[in-house]
1. Hey, any hits in the stretch 98-115 for a residue that's more than 28 Å from residue 26 (Cβ to Cβ), small (Gly, Ala, Ser) and under 17 Å from the mean Cα position of the chain (by Cα)?
2. Six or more apart or on different chains, Cβ under 7 Å: which pairs go from a residue in the stretch 32-45 that's more than 14 Å from residue 108 (Cβ to Cβ) to one that's modelled with pLDDT of 95 or more and among the polar types (S, T, N, Q)? Could you list them?
3. Can you pull out every residue in the stretch 121-151 that is under 17 Å from residue 89 (Cα atoms), not hydrophobic (A, V, I, L, M, F, W, C) and not in a strand (DSSP E or B)?
4. Take residue 80 and tell me if it is in contact with a Gly (Cβ under 9 Å, 6 or more places away or on another chain) and aliphatic (A, V, I, L, M).
5. Could you list, in sequence order, the residues of the stretch 53-91 that are closer than 30 Å to residue 130 by Cβ and under 14 Å from the mean Cα position of the chain (by Cα)?
6. Which one of 99, 121 is within 16 Å of residue 58 (Cβ to Cβ), small (Gly, Ala, Ser) and touching a helix residue (DSSP H, G or I) at 6+ places or on another chain (Cβ under 7 Å)?
Amino acid sequence: MIEPAIRIQREDFDVNAEIRALAGTSGNIGAVVTFSGLCRDEDGTLSALELEHYPGMAEAEIRRIALDAAKRWPLDGVTVIHRYGKILPGENIVLVVTASRHRQAAFDGAHFLMDFLKSSAPFWKREIRRDGTVGGWVEAKDADDAATKRWN
């Protein structure tokens, strides 16, 4: 069983460096799939997103999800990085990297991880708008919950 690399951090990350680090862990890796989530500006109305998390619990939940993915597919490596704090439009929020001998397992593992991160990981976000107003904490979307149901 793999040991996923899970990091929750305020600092930005280098997507290419993370791919190289995971791909270099085994000579048997034939596919690396990445998902990187960026902060949108919501058609010019958003100046930043504020993300908070439950320390300790967030890492444990992401690790649980990553280990579940590794049980479902033959993954040779998983990296998940999620940022918190004030994130500006265009900046990285989340990175999921999965590695496997074959592309389909890497694709499925990454898709599974993102679906569950959106619905299960204990993160909260709110919008800071360009006009100076601060939105309420964003509720989970029904579409995110529905996406996880297909994996059951």
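The values are calculated or read from the model by the stated rules, or taken from the named source; none is laboratory data. What you see is a predicted model, and the numbers here were worked out from it, not measured in a lab. Note: ideal-geometry Cβ built from the backbone for every residue, glycine included; neighbour counts use all protein chains shown.
1. no
2. 36/92; 38/92
3. Answer for the stretch 121-151, where residues must be under 17 Å from residue 89 (Cα atoms), not hydrophobic (A, V, I, L, M, F, W, C) and not in a strand (DSSP E or B): 130, 131, 132, 133.
4. Against the criterion (in contact with a Gly (Cβ under 9 Å, 6 or more places away or on another chain) and aliphatic (A, V, I, L, M)), residue 80 does not qualify.
5. Selection gives 53, 58, 81, 82, 83, 84, 91.
6. Matching residue, one of 99, 121: 121.
Each row is one residue, and each column tells you yes or no for (1) in contact with a Leu (Cβ under 9 Å, 6 or more places away or on another chain); (2) farther than 26 Å from residue 41 by Cβ.
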position: 106; (1), (2): yes, yes
position: 128; (1), (2): yes, no
position: 131; (1), (2): no, no
position: 148; (1), (2): no, yes
